[in-house]
Amino acid sequence: MDAEIICCFKSRCRNGFVRLSIQRDAASAQNMYSINQLEAMQLASTAWNKVEVSTIANCWRHTGLAADMPSTGLPEGVKPALQDHFGEHPRPVPEILHPTLQRTLDILGGSPPTEGEESAVEIAARVEEMEF
């Protein structure tokens, strides 16, 4: 379902990593391919921000998650509005969703059911049990 989105995201991640490696090589870094968790998260964030809204919309349309939209692309002004909306709210925009999916999300209250929230004490206990 998300193959096009994942492919685009991974391509952007690889591109960012190659650019970072080239910069490190130019700076004579000891290990130009070494990357820590923060750098990986920053690369992922930058890569995700470069995935076009139209890529996501096309994938949703192909899988039936979104209602059919004109193949000429999004109308002018829609892309910035979607980016603003998704930046503030993780829920999809109802106008572009397939009606059946929208009804399902409305029934669920917009978020999938979970097994339950863990308390801070439970989370801490689980972390203490982990082997590092």
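The values are calculated or read from the model by the stated rules, or taken from the named source; none is laboratory data. On a predicted model such as this, the values are computed, not experimentally measured, just so you know. Note: ideal-geometry Cβ built from the backbone for every residue, glycine included; neighbour counts use all protein chains shown.
Checking each residue in region 15-41 for being of a type in the set (F, W, Y) and farther than 22 Å from V51 by Cα picks out only Y33. Within region 25-49, if we keep just the residues that are among the polar types (S, T, N, Q) and within 18 Å of the chain's Cα centre (by Cα), the residue that is farthest from C59 (Cα to Cα) turns out to be Q37.
Of the residues I22, I6, the single one that is of a type outside the set (S, T, N, Q) and within 24 Å of the chain's Cα centre (by Cα) is I6.
Checking V93, V121 one by one, the residue that is more than 24 Å from S11 (Cβ to Cβ) and at pLDDT 80 or above is V121 and no other.
Summed over region 1-57, residues that are part of a helix (DSSP H, G or I), modelled with pLDDT of 90 or more and among the small types (G, A, S) total 8. Taking the criterion of being touching a residue at least 24 places away in the same chain (Cβ under 8 Å) and of a type outside the set (A, V, I, L, M), the residues of region 16-53 that qualify are G16, F17, T46, W48, K50, E52.
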